[in-house]
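To keep things clear, I will list the structure first and then write my remarks on it.
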Amino acid sequence: MVVAQGVNFGEPGAVVQPSPNSFAGYIAGLRGKARALGVSDQTFDRATATLTVNDRVVMLDRGAGPVSLDAPIPDFEPYRRQHVTPALIARGRTVYAANRALLSRFEAETGVPEGIMVAIFGHETSYGSVNGSFDLIRSLATLAYEGRRRALFEPELLAAMQMMEKGVPREKLVGSYAGATGYPQFLPSVYLRDARDADGDGFADIWSSQPDGLASIAGYFERAGWRKGEPWGFAVSVPAGLDRKAVAGKTTAPRCPRVFERHSKWLSMAEWRALGVTPTGAIWPDDRMMATLLEPDGPGKTAYLLTSNYRVILDYNCSNFYALSVGLLADAVSR
């Protein structure tokens, strides 16, 4: 473990001048970048004092490599049973009831449904009970220094310093090993962009204020393009004779191609109905609304028609299983 304690990161007159290739040297080299972003030397020093490399963070990050494109995709149903449980639904309804007035206001302001805000809160941190305990600055500094994904983690480390400059206490900056923090599990750059103060105390406290956390989720979804009054999607039955090749998607998505390659091409609700696709419980939306078809467990099992709002959930976390479970949990919580 590389210990940086006692090193004056980048200041003239330091007793020890660290090697540029060392952890201490790397951190010292960030001072100018931080200054350019409005981070004072005092804040930089508070953020980086006594930093050390966290070897466990490096191990976890290396173990979270990309999934092989040849690996089979499992069925969705076991994931759904684990992430849309009666306990999560019941706790979500409690959060929903406790914040109903605020949630209603957030939905009116942003168009983002109350249930979606609550479902993200539940999915990300089990309604605030599992927030992560890693020191965010130390984790981000470790991952940036390690270098495998420096282009991602160095800007997030600097953004965390900007959060401190704007008044976020250093002790609030805890979360996942990869830098996500608070009830919504925002990266620092997302906090700077989308966090909202909903309880009026002048501070967007996504770590201990449910109103702030829920409003910040709504802010994210509004910016990402959520369309007011449009569902995320709904479960459907697909006739056995559907010509799936005729409705197959033809484009390759630049982001998360393996996620989007499972979606059909876009058709209107009227066109899906004409093909014999029927909702299992929902009422058909407007005939002109566009949707793609996803059969996560294959033909003959529950399928879903998904609107553009489903793509907004994917913007939050690019996983079909994640997005489907968020939508289903949102529906159950608000039912």
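Nothing in this text is a laboratory measurement; each read-out follows from the coordinates by a stated rule. This is a predicted model, so every value here is computed, not measured. Quick reminder, even Gly has a Cβ in these numbers, built from the backbone with ideal geometry, and neighbours come from all protein chains shown.
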Student exercise, segment 233-306 dipole from Lys, Arg, Asp, Glu Cβ charges, in Debye to nearest 20
280
Averaging sequence separations of C-alpha pairs under 8 Å and six or more residues apart, then dividing by the length of the chain, give the relative contact order as a whole percent.
18
Longest exposed-site-free window of the chain, the sites being chymotrypsin sites (Phe, Trp or Tyr not before Pro) in a DSSP loop that have at most 16 other C-beta atoms within 10 Å:
1-202
Full-stretch length increase - W284, E261 - with 0.36 nm per residue and alpha-carbon distance subtracted
5.8 nm
Using the 10 angstrom Cβ neighbour count as an exposure proxy, how do E146, E124 rank, fewest first?
E146, E124
Suppose the chain between A101 and R148 were pulled fully straight at 0.36 nm per residue; how much longer would it get relative to their current alpha carbon spacing?
12.4 nm
Theoretical gain in end-to-end length, K250 to R193 [0.36 nm per residue, Cα-Cα removed]:
17.1 nm
What is the helix-to-structure angle for 86-98, meaning the angle in degrees between its Cα long axis and the longest Cα principal axis of the chain, kept from 0 to 90 and rounded to the nearest 10?
70
As a test of the formula, what do you get for the chain when each DSSP H run with n ≥ 4 contributes -39,500 (n - 2.57) and the sum is divided by the residue count, at 222 nm and rounded to the nearest 500 deg cm²/dmol?
-13000 deg cm²/dmol
Once semi-axes √(5λ) of the Cα gyration tensor in Å is worked out from the coordinates, which option in (i) 36, 33, 16; (ii) 42, 23, 16; (iii) 40, 34, 15 does it equal?
(ii)
If the cut-off is a Cα-Cα distance under 14 Å, which aspartates and glutamates reach K265, setting aside same-chain residues fewer than 8 apart in sequence?
D243, E295
Students often get this wrong: which residues of segment 295-317 have the backbone nitrogen under 11 Å from the point 7 angstrom along Cα-to-C-beta of A240?
300
Dividing the mean separation of Cα pairs under 8 Å (6+ apart) by the residue count of segment 233-306 yields a relative contact order in percent of 44
